[in-house]
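Colleague: Questions regarding the structure given below will be posed in turn.
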Amino acid sequence: MIQIDDTIISIDCLSEKFCCDLDACAGTCCIEGDAGAPVDLDEVEELEAALPVVWNDLSASAQTVIDKQGVVYTDEEGDLVTSIVNGKDCVFTCYDEKGCCFCALEKAYRAGKTNFYKPLSCHLYPIRLKKIGDMTALNYHRWDVCKAAVCKGEQLNLPVYRFLKEPLIRCFGQAWYDELEKAVEELKEQGYLKD
């Protein structure tokens, strides 16, 4: 582990390889699991503000769930998460003509229709954040639906932290990311990490 400011980063985030491969997985991470994506309280307002922009991209089932319970709910563990359809699909999913799942929020953001990208927990995946006292731990989450992403990451020799450069900067800032890059170079020089 390494520490930067009030964060603790597991070595797996630096050594493991990862690169999403939508052609192989078809966006399964948005439609599998037993709960929605974790969200912070301040993100709820952002989700609600983006809702009119993405509404027509959502399925009728998702629209019904949102009408009944809103964009988020509290899961069994007491965490605030995005609402889901049929016990698994995030309400913000949409599909292309090939049946590939996409995030309607990200689609709207990339089209310049909203300023909200998507929940940070989605943007940061496969890194999961966990509060430990005053510190935030960054851990690499392994999920079998992401096997293709691991293979592609290995082919490209792309470490998790580099794949997630944009969301890590969104979360912690450019100066923090620069410190992370320095720490990685030091670990390589000391022989703790390979190129």
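Every number in this text was worked out from the coordinates using simple rules, so none of it is lab data. This structure is a prediction, so every number in the text was calculated from the model and none was measured. Heads up, the Cβs are rebuilt from the backbone with ideal geometry, glycines too, and the neighbour counts pull from every protein chain shown.
Colleague: Please count how many residues of the range 1-20 are in contact with a Gly (Cβ under 8 Å, 6 or more places away or on another chain) and either over 17 Å from Tyr177 (Cβ atoms) or part of a strand (DSSP E or B) (or both).
Modeller: Let us first name the residues in the range 1-20 that are in contact with a Gly (Cβ under 8 Å, 6 or more places away or on another chain), namely 16-19.
With the extra rule that they be either over 17 Å from Tyr177 (Cβ atoms) or part of a strand (DSSP E or B) (or both), the set shrinks to 16-17, 19.
Counting residues in the range 1-20 that are in contact with a Gly (Cβ under 8 Å, 6 or more places away or on another chain) and either over 17 Å from Tyr177 (Cβ atoms) or part of a strand (DSSP E or B) (or both) gives 3.
Colleague: Another question, then. Any residue at all in the range 100-107 that's assigned to a loop (DSSP other than H, G, I, E, B), of a type outside the set (Lys, Arg) and touching a Gly at 6+ places or on another chain (Cβ under 9 Å)? Break it down stepwise before answering.
Modeller: Of all residues in the range 100-107, those assigned to a loop (DSSP other than H, G, I, E, B) come to 100.
Next, only the ones that are of a type outside the set (Lys, Arg) stay: 100.
Those still in the list that are touching a Gly at 6+ places or on another chain (Cβ under 9 Å) too: 100.
Taking every residue of the range 100-107 in turn, at least one turns out to be assigned to a loop (DSSP other than H, G, I, E, B), of a type outside the set (Lys, Arg) and touching a Gly at 6+ places or on another chain (Cβ under 9 Å).
Colleague: Additional query: Within the range 44-87, work out how many residues are surrounded by fewer than 16 Cβ atoms within 10 Å (Cβ to Cβ), assigned to a helix (DSSP H, G or I) and in contact with a helix residue (DSSP H, G or I) (Cβ under 8 Å, 6 or more places away or on another chain).
Modeller: Matching residues across the range 44-87 total 2.
Colleague: Filter the range 148-195 down to residues that are of a type outside the set (Val, Ile, Thr), part of a helix (DSSP H, G or I) and farther than 19 Å from Thr7 by Cα, then give me how many there are. Show your work before the answer.
Modeller: Keep residues of the range 148-195 that are of a type outside the set (Val, Ile, Thr), which gives 148-149, 151-159, 161-168, 170-183, 185-195.
From what is left, the residues that are part of a helix (DSSP H, G or I) are 148-149, 151-156, 161-163, 165-168, 170-172, 174-183, 185-189.
If we keep only those that are farther than 19 Å from Thr7 by Cα as well, we get 148-149, 151-156, 188-189.
Adding up the residues that qualify gives 10.
Colleague: Under 9 Å by Cβ, and 6 or more places apart or on different chains, what pairs join a residue from the range 43-71 that is charged (D, E, K, R) with one that is in a helix (DSSP H, G or I) and surrounded by 13 or more Cβ atoms within 10 Å (Cβ to Cβ)?
Modeller: Note: pairs meeting the criteria are Glu43/Leu120; Glu43/Ser121; Glu46/Leu105; Asp57/Ala104; Asp57/Lys107; Asp57/Ala108.
Colleague: With respect to Lys152, is the statement that it is crowded, with 18+ Cβ neighbours inside 10 Å and farther than 15 Å from Ile9 by Cα true? Give the steps one after another, and end with the answer.
Modeller: On the way: crowded, with 18+ Cβ neighbours inside 10 Å: yes; farther than 15 Å from Ile9 by Cα: yes.
Judged against the criteria, Lys152 is a match.
Colleague: If a residue has to be within 11 Å of Lys17 (Cβ to Cβ) and either in contact with a strand residue (DSSP E or B) (Cβ under 8 Å, 6 or more places away or on another chain) or surrounded by 17 or more Cβ atoms within 10 Å (Cβ to Cβ) (or both) to count, how many in the range 155-176 make the cut?
Modeller: We begin by selecting, within the range 155-176, every residue within 11 Å of Lys17 (Cβ to Cβ); these are 155-163.
This time we only want the ones that are either in contact with a strand residue (DSSP E or B) (Cβ under 8 Å, 6 or more places away or on another chain) or surrounded by 17 or more Cβ atoms within 10 Å (Cβ to Cβ) (or both), so: 156-163.
Number satisfying all stated conditions: 8.
Colleague: Can you go through Leu105, Leu58 and tell me which one is touching a Pro at 6+ places or on another chain (Cβ under 9 Å) and of a type outside the set (Gly, Ala, Ser)? Even if it seems obvious, please write down each step before you answer.
Modeller: Working: Leu58 fails: touching a Pro at 6+ places or on another chain (Cβ under 9 Å).
After ruling out the rest, the residue left standing is Leu105.
Colleague: State all residues of the range 177-195 that are of a type outside the set (Val, Ile, Thr), within 24 Å of the chain's Cα centre (by Cα) and surrounded by 15 or more Cβ atoms within 10 Å (Cβ to Cβ); if no residue qualifies, say none.
Modeller: Answer for the range 177-195, where residues must be of a type outside the set (Val, Ile, Thr), within 24 Å of the chain's Cα centre (by Cα) and surrounded by 15 or more Cβ atoms within 10 Å (Cβ to Cβ): Tyr177, Glu179, Leu180, Ala183.
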